[in-house]
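Colleague: Shown below is the structure under consideration.
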Amino acid sequence: MKRIDNDPGGASGAVTVRGLVKHYGATKALDGVDLDVREGTVMGVLGPNGAGKTTLVRILSTLLAPTSGRATVAGYDVVRRPRQLRRVIGLTGQYASVDEKLSGRENLYLIGRLLDLPRKEARGRADALLERFSLTEAARRPAATYSGGMRRRLDLAASMIGRPAVLFLDEPTTGLDPRTRNEVWDEVRRLVTDGVTVLLTTQYMEEAEQLAGELTVVDRGKVIASGGIEQLKARVGGRTLRIRPADPRRLRPLASALDELGITGLAGTSVDPESGAVLVPVLSDEQLTAVVGAVTAHGITLSSVTTELPSLDEVFLSLTGHRAGAPRDTAPAETPEEAVAV
């Protein structure tokens, strides 16, 4: 969708955030957040529950006013140009927000008309999205009769009907079955291929790895890490050395030999019988060299030696001290006067 009126001095990135702060009384839901999202990319925002992710999305989508700081989306200041901004963004929150009394097709058609699409185009977009999200057969049924997964898909379709330049997805696949989740992922990839910028908050590490080119990790309202997935894995440090003996019968003896090495700082080994390998966590190149040398000295013939970086789950735990989805104290719900006027 073409922009109506660019915001003077807007940043070139799709989303630019500087020093964003949001207070709820004495609680700081956001505490000086900086963020840059390049056009045509997916930025994944990770953090424990209550870290400030949803507050950030609400501010960027003009549903909530910041206490201080500045943010621009698609060239529009979120405070100074909210009306223009709403015409070029899409939003899917954590819970479906469709009108249950209307049919699926009526929901999408109504949103299209509210976005000033001509009647014919609004109908065409509604039908295309109903088909894309496997809702064609239920198109004329009231949304109240839809299952939870169907409502979620309808809500996602609604956020896309206006062909947004920037799409905010706040935990979009929560509660969806694996098949529907994959359908959502495929649609997000198609949108990015078409040039749409996506800011995605999620509790699913697999979802972040599947979709996001870059990640930002927030905790207690602050950005604590950002960068590409491999960059964050390298920042956490540590690798796992996967050693596979040529003779499967040497698997246990190999593990015992490595446990007895006495290499300073080397963590304990573990055996993966399914893959026929011994897993050895190493923190440095020196440890890696010592392990390989020791195996050779014991005369154990190997079929392969590979190194693996930490999983994204391990990165998240290392950075935040919590597993994904672990609760934090959440901020109070915003009051009507705090919301930006529509």
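The values are calculated or read from the model by the stated rules, or taken from the named source; none is laboratory data. Just so it is clear, the structure is predicted and the values come from calculations on it, not from any experiment. Cβ placement follows ideal geometry from the backbone for every residue including glycine, while neighbour counts extend to all protein chains displayed. Quick note on the areas: whole protein, heavy atoms, side chains included, nothing else; ligands and nucleic acids left out. Shrake-Rupley method; radii C 1.70, N 1.55, O 1.52, S 1.80 Å.
Colleague: Quote to one decimal, in nm, the extra length available between A246 and S68 on full extension: 0.36 nm per residue of separation minus the C-alpha distance between them.
Modeller: 57.9 nm
Colleague: Would you grab the residues whose amide H sits under 5 Å from the one on L302? Only those 5+ places off in sequence or on another chain, please, with H modelled 1.01 Å from N.
Modeller: So L302 has HN proximity to A246.
Colleague: Continuing with the same structure: Please give the per residue accessible area of the stretch 186-263, computed with a probe of 1.4 Å over protein heavy atoms only, in Å².
Modeller: On the way: 3720 Å² over 78 residues.
Normalised by residue count, the accessible surface of the stretch 186-263 is 48 Å².
Colleague: Follow-up question, since we're still on this one. Over what distance in Å are the Cα centres of the stretch 78-153 and the stretch 165-239 separated?
Modeller: For the stretch 78-153 versus the stretch 165-239, the Cα centre distance is 23 Å.
Colleague: Report, in deg cm²/dmol and to the nearest 500, the calculated mean residue ellipticity at 222 nm for the chain, where each DSSP H run with n ≥ 4 adds -39500 (n - 2.57) and the sum is divided by the residue count. If you can, show how the numbers build up before the last one.
Modeller: On the way: 11 runs with 113 residues, N = 342.
Result for the chain, helices only: -10000 deg cm²/dmol.
Colleague: Using a Förster radius of 56 Å, what is the FRET efficiency between T174 and V271 based on their Cβ-Cβ separation? Nearest 0.05, please. Walk me through the intermediate numbers first.
Modeller: On the way: r = 36 Å, r/R0 = 0.64.
Calculated value: 0.95.
Colleague: I'd like the accessible area for T55: 1.4 Å probe, protein heavy atoms, all chains in place, Å² to the nearest 10.
Modeller: That residue has around 20 Å² of solvent-accessible surface.
Colleague: Positive end of the dipole of the chain, charges at C-beta (+1 Lys, Arg; -1 Asp, Glu), about the Cα centre: which of P82, T301, A29 has its Cα farthest in that direction?
Modeller: Value: P82.
Colleague: Loop only by DSSP, 10 or fewer other Cβ within 10 Å of the Cβ. Give me the trypsin sites (Lys or Arg not before Pro) in the stretch 94-137 that pass, ordered by residue number. Display every interim value, and only then the final one.
Modeller: Values: sites: K101, R105, R113, R119, K120, R123, R125, R132; in loops: K101.
Listed in order of number, the matching sites are K101.
Colleague: Where nothing but the Cβ of Lys and Arg (+1) and of Asp and Glu (-1) is charged, how large is the charge dipole of the stretch 157-232 around its Cα centre, in debye to the nearest 20? Intermediate results must be reported in sequence, preceding the final value.
Modeller: Working: 7 positive and 13 negative charges, 46 e Å.
So the dipole magnitude of the stretch 157-232 works out to roughly 220 debye.
Colleague: Right, here's the next one. Residue by residue, what Karplus-based ³J(HN,Hα) values in Hz, rounded to whole numbers, does the stretch 152-157 have, using 6.51, -1.76 and 1.60 with θ = phi - 60° and x for Gly and Pro?
Modeller: Result, ordered by residue: 5, 5, 5, 5, 5, 4 Hz.
Colleague: Still on this structure, I have one more. Please give the FRET efficiency for D285 paired with A26, using the beta carbon to beta carbon distance and R0 = 45 Å, rounded to the nearest 0.05. Walk me through the intermediate numbers first.
Modeller: Values: r = 47 Å, r/R0 = 1.05.
Computed FRET efficiency for D285 and A26: 0.45.
Colleague: Under the rule of at least 5 residues apart or a separate chain, name every residue whose amide H is placed under 5 Å from the amide H of L46.
Modeller: Here T216, V217, V218 satisfy the definition.
Colleague: Further question: At 1.4 Å probe size, with every protein chain present, just tell me what the per residue accessible area of the stretch 18-142 comes to in Å².
Modeller: Details: 5850 Å² over 125 residues.
Value for the stretch 18-142: 47 Å² per residue.
Colleague: Quick check: at a probe of 1.4 Å, how many percent of the accessible area of the chain sits on carbon and sulfur atoms? Could the numbers behind the result be given before it?
Modeller: Details: 8220 of 16440 Å².
Accessible surface attributable to carbon and sulfur in the chain totals 50 percent.
Colleague: Pull up all non-local amide H partners of L91: gap of 5 or more, or a different chain, and H-to-H distance under 5 Å with H placed in the peptide plane.
Modeller: Sorted by chain and number, the residues that satisfy this are F168.
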